[in-house]
Structures are given as structure tokens and as C-alpha cells.
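Beneath this line is the structure, given in C-alpha cells, with notes to follow.
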Ligand SMILES: [Mg+2]
């Protein structure tokens with residue numbers, strides 16, 4: 001895949017998957033079309049024409065509900081962190097069930113169920129982050145994402 005100056009790991013990942021879906025007998029043309037589509041979408045996002053939902057609002061409501069029910073003691077925060085391990089285990093269970101790894105049980109889960117369990121992990125981690133963070137959890141996540149993305153870009157570019 002050609003790297004444009006503005007290529008980020010996320011953009012490259014999307015582009016690499018998108019061009020396959022573009023009907024064309026010419027891979028180069030399909031890739032160029034995918035890049036143009038991403039440019040158009042980026043422009044729409046930057047102009048505020050694409051609504052990006054704020055996932056934190058329902059998470060704040062969930063944390064408020066938990067706080068009202070259980071308080072926010074160090075023990076309660078610890079249990080919210082522990083819940084993440086429980087949900088991660090459910091991802092493993094669902095994936096094992098999806099591939100039918102246990103011959104006695106066979107296939108017991110669907111890909112959608114694995115995705116649902118992954119969402120549980122994400123939501124639980126967001127709840128734990130809101131519960132324990134001193135600062136704005138969105139800022140904390142954005143800073144972490146930027147760091148991880150930068151590290152990935154350095155690795156992709158050959159830097160260590
Ligand atoms: Mg679950």
C-alpha cells in the first residue's frame with residue numbers, strides 16, 4: 001500500500017481493507033479510489049458534518065448509577081477493576097466457543113457474541129477509568145491512543 005504523507009496506522013488499516021471492496025480490475029485504481037473516499041470522509045468529519053457519538057456520556061451515567069448503589073470506596077473501585085478481568089474471561093470463553101475448540105462442547109458461540117463480550121470489556125474498562133481517574137478520562141484515553149499510535153508508526157517506519 002502506498003503511504004501518503006498523512007497516512008496514519010488507522011487510516012492505512014482502513015484503506016487496506018476498503019480498496020478490496022471497490023469494484024475495479026486495477027488494484028492501483030481501487031487503492032486510489034479508497035484514498036479519495038477516505039479524504040472525503042475526513043473532510044466531512046473536520047467540517048463537523050459527521051456526527052461522532054460521545055461514548056463517555058452513557059459511561060458517566062453508568063458510573064453515577066454504580067456510585068449511588070455502591071458508593072466509590074477503594075474497595076468498590078477495586079471491584080470495578082476486577083470486573084474487567086471477569087469480562088476478559090468471557091471474551092476468551094466466547095472465542096473458544098466460536099471456534100469449537102472443546103470437542104465435547106463443539107461450537108457454542110457466534111462471532112457476534114465474541115464482539116458483544118469485547119464491547120463488555122471496553123465498557124467495563126471505561127467505567128473503571130472514569131471511576132479511578134483524577135482527570136478527564138477522554139483526555140487520558142486520547143493521550144494514550146496518541147502514544148500507542150505514535151509507537152506503532154515508529155515501528156512501521158523502521159524506527160525503534
Ligand atoms: Mg460479558
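Taken together, the values in this text are just the output of simple stated rules run on the coordinates, not laboratory data. If you're wondering where the values come from, they're calculated on a predicted model, not measured in any experiment. Positions of Cβ are backbone-derived with ideal geometry, glycine not excepted, and every protein chain shown enters the neighbour counts.
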Anisotropy class of region 23-113 from Cα gyration tensor, a/c 1.5 cut: oblate
Relative exposure of 37, 126, judged by other C-beta atoms within 10 Å (fewest first): 37, 126
Highest-MSF residue in the chain out of 130, 63, 50 [GNM, Cα springs under 10 Å]: 50
Distribution of pairwise C-alpha distances over the chain, 5 Å bins, in %: 1, 8, 10, 12, 13, 15, 15, 13, 8, 3, 1, 0, 0
By average C-beta atoms within 10 angstrom, highest first, the peptides 82-91, 139-148: 82-91, 139-148
For 104, 49, 72, order by how many other beta-carbon atoms lie within 10 Å, fewest first: 104, 49, 72
Relative contact order, percent, region 6-146 [alpha-carbon distance under 8 Å, six or more residues apart]: 19 percent
